[in-house]
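> Next up is a structure, given as structure tokens.
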Amino acid sequence: MQGDARGCELAYKMVAERDNEKYSFARESRLLIVAKAKVWASEGWRVVITDQDGKAYAPPEFDQLSAA
């Protein structure tokens, strides 16, 4: 039994990479992680969002994720 999501892994993860730098963020809010990812992508970072099911989303798919 999994129980409630609080105290467990956060639902959405974002990884941004550029040159030799790599940053990752995790949020429960889909909208906040999409907004952050769009900003990083607009600044030239390679950004991927992964949802709680392990599905990865690239920048062209961010709108699908924010509309879900």
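> Suppose all protein chains stay in the model; what accessible area per residue would a 1.4 Å probe give for the chain, in Å²? Could the numbers behind the result be given before it?
On the way: 4860 Å² over 68 residues.
Result: 72 Å² per residue.
> Compute the angle between helix 30-42 and the longest alpha-carbon principal axis of the chain, please, reported from 0 to 90 degrees and rounded to the nearest 10.
10
> Provide the net charge surrounding residue 67, with neighbours chosen by a C-beta distance below 11 Å and charges set as Lys +1, Arg +1, Asp -1, Glu -1. Don't jump to the answer; show the numbers that get you there.
Numbers: positive: 30; negative: 61, 63.
Once all neighbours under 11 Å are counted, the net charge is -1.
> Still on this structure: In region 24-68, what GluC sites (Glu not before Pro) fall in a loop by DSSP, with at most 11 other Cβ atoms inside 10 Å? Before the final figure, lay out each step's value.
Numbers: sites: 28, 43, 61; in loops: 28, 43.
Those that pass, being in a loop and sparsely packed, are 43.
> Can you pull the percent of region 20-68's accessible area that's carbon plus sulfur, 1.4 Å probe, other chains left in place?
Working: 1660 of 3240 Å².
Carbon-and-sulfur percentage of accessible area, whole number: 51.
> Would you work out the relative contact order for the chain, in percent, from Cα pairs under 8 angstrom that are 6 or more residues apart?
Details: 93 pairs, mean separation 20.5, N = 68.
Relative CO of the chain lands at 30 percent.
> Now for a different question. With label points built 7 Å along Cα→Cβ from the Cα atoms of residue 10 and residue 66, find their separation and express it in nm.
Spacing of the two 7 Å Cα→Cβ label points: 1.8 nm.
> Related question: Could you work out the helix-only [θ] at 222 nm for the chain, with each DSSP H run of four or more residues adding -39,500 (n - 2.57) and the total divided by the number of residues, to the nearest 500 deg cm²/dmol? Show your work: numbers first, answer last.
Working: 2 runs with 19 residues, N = 68.
Dividing the helical sum by the residues of the chain leaves -8000 deg cm²/dmol.
The values are calculated or read from the model by the stated rules, or taken from the named source; none is laboratory data. Quick caveat: nothing in here was measured; it's all calculated off a predicted structure. Glycine gets a Cβ as well: all are built from the backbone with ideal geometry, and neighbour counts include every protein chain shown. To get the accessible areas, we keep the full protein, side chains included, count just its heavy atoms, and leave off ligands, DNA and RNA. Shrake-Rupley method; radii C 1.70, N 1.55, O 1.52, S 1.80 Å.
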